[in-house]
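Engineer: Sharing a structure, written as structure tokens. Questions coming.
The values are calculated or read from the model by the stated rules, or taken from the named source; none is laboratory data. Please read these numbers as outputs of a predicted model, since none were measured by experiment. Here Cβ is always computed from backbone atoms with ideal geometry, including for glycine, and neighbour counts include all displayed protein chains. Surface areas here come from the heavy atoms of the whole protein model, side chains and all, with no ligands, DNA or RNA. Shrake-Rupley method; radii C 1.70, N 1.55, O 1.52, S 1.80 Å.
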Amino acid sequence: MKILVCISKTPDTTAKIAFTDNNTKFDTAGVQWIINPYDEWYALVRAIELKEAKPDTVLHLATVGGADADPIIRKALALGGDEAYRINLDGADCYQVAFQLAQLISKGGYDLVLTGKETIDYNGSSLGGMIAGINYLPYISLATHLEIAENKAIVTREIEGGEEVCEVAFPLVVSAQKGMAEARIPNMRGIMAARTKPLSVVEPIAQDPLTTVTAFELPAPKAGVKLVAPDQVDELVRLLHQEAKVL
Amino acid sequence: MNVLIVIDTAEGIIKKSAFETLSYGADLAAQLGVNAVGLLPGATSEELGSLGQYGINKIVHVNPDQPRADDPTVLAGLIASVASTEQCDVIVFSHSLSGKSIAPIVSAQLKAGLVTGVVGLPDTGNGFVVKRAVFSGKAFSHVRIETPIKLISVNPNSYKVNTGGSPATVETLSLPTAAPRVLVTKRQKSSNELLLTEAETVVSAGRGLKGPENWGMIEELAKVMGAATACSRPVADAHWRPHNEHVGQTGVAIAPTLYVAIGISGAIQHLAGVNRSKVIVVINKDPEAPFFKAADYGIVGDAFDVVPAFTAAVKKLKGV
Ligand SMILES: Cc1cc2nc3c(=O)[nH]c(=O)nc-3n(C[C@H](O)[C@H](O)[C@H](O)COP(=O)(O)OP(=O)(O)OC[C@H]3O[C@@H](n4cnc5c(N)ncnc54)[C@H](O)[C@@H]3O)c2cc1C
């Protein structure tokens, strides 16, 4: 069994969101970078659990990014995985990133490709589906459980108002969300081991992005809270009904 | 060239988010001076002509004698095929759980640029530029689609629903489908009957409630308000509430008309999932709780006193 987990670098959840260059670039000044939580807590940890259960499982990690993504991929390797690839490209859109990963995947012959359900910066929720579409692999999005049977994966995915259980023969692509696994903290042994695990830098294959960000915009600030005394709940209901017109 | 709108159904019933995407697609078609065509794959018990009320001209009902395919790749193939026969160069999806699984596959199949999480009509004055939510609702971006075929998925609760259009023509069509590779063996509904992402009103509670045994009053308030229930992450992590109620940066992102937050501090990761709500009401006993900075209305008080009074006051207003 050969598994690939796609890893993205994202700003920390508390990072200040601001833009430079006439609102065309994300302001990275002072930003701490983390592994995208969905990639780490759910996709990667579930893959590590599968390898723990079957030690002959081969577990690779891949990211698309510049050299500034190396610390992130090393951090992911500290949690687990045998080796990693970094495709040396600052991806301009999701398709461009998916295209690079799809080439790596078709060469690598993976049985299972895992991504997070979305990144917390661009929130595209498209990477897994695009990889599946490019390589004509079956796709299961928003998975909350993943088990491996003889020659197929048994995956539970969230649907509107419930869940469904799917069975899919290998190879396939799965996007992971809450429920798949519990977040882990890397230990000292993992951190030491990660330093010597192979990290190969792969040059990208030419593919233009299909979309271009032309500008960013911050939402208008809130006017301020209107406080109502705790014994005046009727007044709150009146305001919601007559002023805000939401009741 | 026309606009194709993919209509989301669950067990043959059209979802509320579909009325928004149909309205969006119809308005976009009017802006471009073309026709709006709705696409509904699989069997349905609904009367389709009346979908014209949202402003669309035509519905293509594909394979009406089969249940809607479970495999997103199969659905993607049907969508690409109808887009081509109906001469559509814009395809509109809902950014729902189902849209999230299908739209990227269509994008890859057609090599067509996809923008997800869209919050408004495109600017078609100079190219085709759409506005979408990014950084978990903390910002927006404007994205130009560079390819001849353009794919958009519209955030639920971010587009107004049209009314008053005349009936649409309905055409049924049988199309061959690719062999499914995803086999669904079981499907189950969660207890939360109102869909969180589609709900107009959401009542949400956090660690301030102390324990799962205290959720009765939250459910009661939600019931009288006709609201869905949600919770903060530690509440779901502690299994006080199911995972699918967890809202925030690492849970579900929602944009209801009214969000009521009870005993939730308002951490930045929580706000990220709810800051697109139109009106936010915060009930918290700590006047310094950060959530008050993001709120429109607030009560500094103990949830155990305020929530029952709130329920009674809403009941009084609604005359129940
Ligand atoms: C990477 C990352 C991602 C995260 N993602 C999310 C996410 O998606 N969603 C999310 O919610 N959190 C998320 N968190 C956690 C977040 O930082 C907060 O810890 C969490 O939101 C706090 O939950 P809470 O408000 O319920 O609890 P607390 O912070 O403990 O707040 C409880 C609140 O209840 C009030 N209270 C107590 N008793 C009463 C009473 N009797 N009446 C009224 N009020 C009372 C208190 O004043 C307090 O404000 C994330 C954290 C990290 C690091």
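Engineer: Taking the Cβ of A:L142 as the centre, find all other residues whose Cβ is under 9 Å away and add up their charges (Lys, Arg: +1; Asp, Glu: -1). Before the final figure, lay out each step's value.
Structural biologist: Working: positive: A:K117, A:R157, B:K100; negative: A:E158.
Residues near A:L142 contribute +2 overall.
Engineer: Under the definition of partner shielding as Cβ atoms of other protein chains within 10 Å of a residue Cβ, what is the mean value for peptide B:149-159?
Structural biologist: Values: counts 1, 2, 3, 0, 3, 0, 1, 1, 0, 0, 0.
Average per residue, whole number: 1.
Engineer: Further question: As a quick test, which of the pairs A:K107/B:K100; B:K15/B:K278; B:K160/B:K315 have an alpha carbon distance above 23 angstrom in this structure?
Structural biologist: Working: A:K107/B:K100 27 Å; B:K15/B:K278 21 Å; B:K160/B:K315 28 Å.
A:K107/B:K100; B:K160/B:K315, as the Cα separations exceed 23 Å there.
Engineer: Quick one: ranking B:K210, B:K189, B:K138, A:K2 by accessible area, 1.4 Å probe, largest first, what do you get?
Structural biologist: If we order B:K210, B:K189, B:K138, A:K2 from most to least accessible, we get B:K189, B:K210, A:K2, B:K138.
Engineer: Also, I was wondering about something else. Per-residue HN-Hα couplings for the stretch B:150-159, Karplus 6.51 cos²θ - 1.76 cosθ + 1.60 at θ = phi - 60°, whole Hz, x for Gly and Pro?
Structural biologist: Here the 3J(HN,Hα) series is 10, 10, 10, 10, 9, 4, x, 6, 10, 9 Hz.
Engineer: May I ask you to give the solvent-accessible area per residue for chain A, in square angstrom, as obtained with a 1.4 angstrom probe?
Structural biologist: Details: 10560 Å² over 247 residues.
Counting only protein heavy atoms, the per-residue value for chain A is 43 Å².
Engineer: To continue, here is another question. How much of the accessible area of the stretch A:1-76, probe 1.4 Å, is carbon plus sulfur, in whole percent?
Structural biologist: On the way: 1550 of 3090 Å².
Summing carbon and sulfur atoms, their accessible area is 50 percent of the total for the stretch A:1-76.
Engineer: For chain B, with a Gaussian network of springs between Cα atoms less than 10 Å apart, report the residue from B:V252, B:V143, B:V184 with the top mean-square fluctuation.
Structural biologist: B:V184
Engineer: Oh, and also: Would you mind counting up the charge near A:V58? Only other residues with Cβ under 11 Å from its Cβ, with Lys and Arg at +1 and Asp and Glu at -1. Numbers along the way, then the final one.
Structural biologist: Details: positive: A:K2, A:K51, A:K54; negative: A:D56, A:D82, A:E83, A:D111.
It works out to a net charge of -1.
Engineer: Determine the calculated [θ] at 222 nm for the protein assembly as shown from helices alone, applying -39500 (n - 2.57) to every DSSP H run no shorter than 4 residues and normalising by the residue count; nearest 500 deg cm²/dmol.
Structural biologist: About -7500 deg cm²/dmol.
Engineer: Shielding of B:70-79 by partners, i.e. mean partner chain Cβ atoms within 10 Å per residue?
Structural biologist: For this peptide, the per-residue mean of nearby foreign Cβ atoms is 3.
Engineer: Name the residues whose placed amide hydrogens come within less than 5 Å of the amide hydrogen of B:S153, ignoring near sequence neighbours (fewer than 5 apart) on the same chain.
Structural biologist: Distant-sequence amide H within range of B:S153: B:F93, B:V115, B:T116, B:G117, B:V118.
Engineer: On average, how many beta carbons from a partner chain sit within 10 Å of the beta carbon of a residue in B:269-281?
Structural biologist: On the way: counts 4, 0, 0, 5, 0, 0, 2, 1, 1, 3, 7, 2, 9.
So the per-residue partner count for this stretch is 3.
Engineer: If the cut-off is 13 Å between C-alpha atoms, which aspartates and glutamates fall inside it for A:K226, apart from same-chain ones fewer than 8 positions away?
Structural biologist: A:E235, A:E243, B:D296
Engineer: Please build a GNM for chain A, connecting alpha carbons under 10 Å apart, and tell me which residue among A:T63, A:T20, A:T119 fluctuates the most.
Structural biologist: A:T20
Engineer: Something else now. Would you grab the residues whose amide H sits under 5 Å from the one on A:C166? Only those 5+ places off in sequence or on another chain, please, with H modelled 1.01 Å from N.
Structural biologist: A:V155, A:T156, A:R157, B:T185
Engineer: Let me ask something additional. Assuming a viscosity of 1.567 mPa s and a temperature of 4 °C, what translational diffusion coefficient in µm² per second does Stokes-Einstein assign to the protein assembly as shown, Rh being the Kirkwood radius over Cα pairs?
Structural biologist: Details: Rh = 24.4 Å.
After rounding, the answer is 53 µm²/s.
Engineer: Sticking with this one: Nearest 100 Å² is fine: what is the total accessible surface buried where chains B and A meet, probe 1.4 Å? Intermediate results must be reported in sequence, preceding the final value.
Structural biologist: Working: alone 15300 and 14130 Å², together 22450 Å².
The B and A chains share an interface burying roughly 7000 Å².
Engineer: How much accessible area does A:D70 have with a 1.4 Å probe, in Å² rounded to the nearest 10?
Structural biologist: Result for A:D70: roughly 40 Å² accessible.
Engineer: Can you tell me which of A:A143, A:A153, A:A29 moves the most in a GNM of chain A? Springs connect C-alpha atoms under 10 Å apart.
Structural biologist: Result for chain A, Cα springs under 10 Å: A:A29 fluctuates most.
Engineer: Rolling a 1.4 Å sphere over the protein heavy atoms, what is the accessible area per residue of chain B, to the nearest Å²?
Structural biologist: 37 Å²
Engineer: With Cβ to Cβ distances under 14 Å as the rule, what net charge do the other residues near A:N36 carry (K, R +1; D, E -1)? Don't jump to the answer; show the numbers that get you there.
Structural biologist: Working: positive: A:K9, A:K75, A:K117, A:K178; negative: A:D12, A:D39, A:E40, A:E118, A:D121.
Neighbour charge sum, excluding A:N36 itself: -1.
Engineer: Next question, about the same structure. GluC sites (Glu not before Pro), restricted to the stretch B:132-241: which are DSSP loop and have at most 12 other Cβ atoms within 10 Å?
Structural biologist: Values: sites: B:E146, B:E171, B:E193, B:E198, B:E200, B:E213, B:E219, B:E220; in loops: B:E146, B:E193, B:E198, B:E200.
Counting only loop positions with at most 12 other Cβ atoms within 10 Å, the GluC sites (Glu not before Pro) in the stretch B:132-241 are B:E193.
Engineer: Using only alpha carbon pairs under 8 Å that are at least six residues apart, calculate the relative contact order of chain A and give it in whole percent.
Structural biologist: Details: 467 pairs, mean separation 58.8, N = 247.
Computed value for chain A: 24 percent relative contact order.
Engineer: By a straight-distance test (C-alpha under 20 Å), which lysines pair with A:K25 as possible cross-link partners, with residues fewer than eight away in the same chain excluded?
Structural biologist: A:K9, A:K16, B:K131, B:K138
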